[in-house]
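Here's the structure we're looking at; comments come further down.
The values are calculated or read from the model by the stated rules, or taken from the named source; none is laboratory data. All values reported here derive from a predicted model rather than from experimental measurement. When we count neighbours, we look across all protein chains shown, and the Cβ atoms used for this are built from the backbone with ideal geometry, even at glycine. Heads up: the accessible areas ignore ligands, DNA and RNA and are worked out on the full protein's heavy atoms, side chains in. Shrake-Rupley method; radii C 1.70, N 1.55, O 1.52, S 1.80 Å.
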Amino acid sequence: AVQLRREMWRGSGWQITKWPTFLLIGALAGLLYVMVTFDNFYVYRADIRGTSLLSADEIYQAAGIEGYNVFWLDEQTLATRILRQLPYVIGVDAQLQLPNQVHLVITERRPRIAWETNQGQAWVDEQGVALPPLPTAPARPLLRLVDLQQATIVPQPAGQPPVIGPGGLPVVHMQTEVVQALLTLATLLPGTQTFYFDAQNGLNLRTADGASVIFGTKGDLNRKVAVLQAIQAEWKKMGRTPAQIDLRVAERPYVR
């Protein structure tokens, strides 16, 4: 009788060696239940760093993680979602930690120029990307470029629809050579914050004593500024102020 019962047990396939497998499956099922149902694994806040122009709440809303289980989130997808929605964000380092921690380190675009045109104002970064101004002003004062006719814009190819970028905004660029010229002049002429641009004269400005200085669009700005300072020093000795200094050709400046 004992032998018969052993044979019946062996023939049913319920060998004692299979019990660890069923115990493991049960443990995994229990763990899955805890992961899905326990509130400790759901996200209701995030640690957000690196922002100055944007608020942490804007980043959090763009991430779209409120009330999500941390096991349902993916770091790469999270970063891509923020970059797609916020044009002022150019980098996201996302990290997830148990039980429900989300860490976001944000790299923001750095606007350098306030571009004033007949269409309004835009902020332009060092790559020439123009975006609508934000409520929060940058920590570093922006250079002001008055370009009423948008002479510095990179034209859209004829017949092609505008390219739509992050946040659903059309991609608009300022000519990179103009951006670099402005940043160079701001270094060479500290204290000058407002510049002008038109198709005829290119870059120009007005000095504190009222003189109009025309730099044009080409040439060595270092040399042009040196010529400008020499002319200003010479006229100051004479006790006079020029009305206009044309430096489009630095070797042959025109002064009146």
Subset of the stretch 111-134 (residues that are under 15 Å from the mean Cα position of the chain (by Cα), part of a loop (DSSP other than H, G, I, E, B) and either polar (S, T, N, Q) or over 24 Å from Ala199 (Cβ atoms) (or both)): Gln127, Pro132, Pro133, Leu134
Of all residues in the stretch 104-122, which are open to solvent by 20 Å² or more (accessible area, probe 1.4 Å), touching a Lys or Arg at 6+ places or on another chain (Cβ under 8 Å) and of a type outside the set (Lys, Arg)? Val105, Glu116
Could you please find all residues in the stretch 220-254 being among the charged types (D, E, K, R) and under 23 Å from Ala181 (Cβ atoms)? Asp220, Arg223, Lys224, Asp246, Arg248, Glu251, Arg252
With the checklist (1) of a type in the set (A, V, I, L, M, F, W, C); (2) surrounded by 15 or more Cβ atoms within 10 Å (Cβ to Cβ); (3) in contact with a helix residue (DSSP H, G or I) (Cβ under 9 Å, 6 or more places away or on another chain) in hand, flag the one item Leu98 doesn't pass. (2)
Output the number of the condition that Asp93 fails; it satisfies all remaining conditions of (1) exposed (fewer than 13 other Cβ atoms within 10 Å of the Cβ); (2) at pLDDT 95 or above. (1)
Taking the condition of being within 41 Å of the chain's Cα centre (by Cα), open to solvent by 50 Å² or more (accessible area, probe 1.4 Å) and closer than 20 Å to Leu185 by Cβ, how many residues in the stretch 233-256 meet it? 4
Of all residues in the stretch 61-72, count the ones that are under 14 Å from Gln95 (Cα atoms) and either at pLDDT 95 or above or open to solvent by 80 Å² or more (accessible area, probe 1.4 Å) (or both). 4
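Just need a number here: residues in the stretch 142-162 that are within 22 Å of Arg206 (Cα to Cα) and of a type in the set (Gly, Ala, Ser).
So the answer is 1.
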Between residues in the stretch 233-256 that are among the aliphatic types (A, V, I, L, M) and residues that are assigned to a strand (DSSP E or B) and open to solvent by 100 Å² or more (accessible area, probe 1.4 Å), which pairs lie under 9 Å by C-beta distance while being six or more apart or on different chains? Ile245/Tyr254; Leu247/Tyr254
Please identify the pairs in which a residue from the stretch 46-61 that is of a type in the set (Lys, Arg) has its Cβ atom under 6 Å from the Cβ atom of a residue that is part of a strand (DSSP E or B) and open to solvent by 30 Å² or more (accessible area, probe 1.4 Å), counting only partners at least 6 apart or on another chain. Arg49/Val105
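For the structure I just gave you, tell me whether Leu78 is assigned to a helix (DSSP H, G or I) and surrounded by 20 or more Cβ atoms within 10 Å (Cβ to Cβ).
Criteria met by Leu78.
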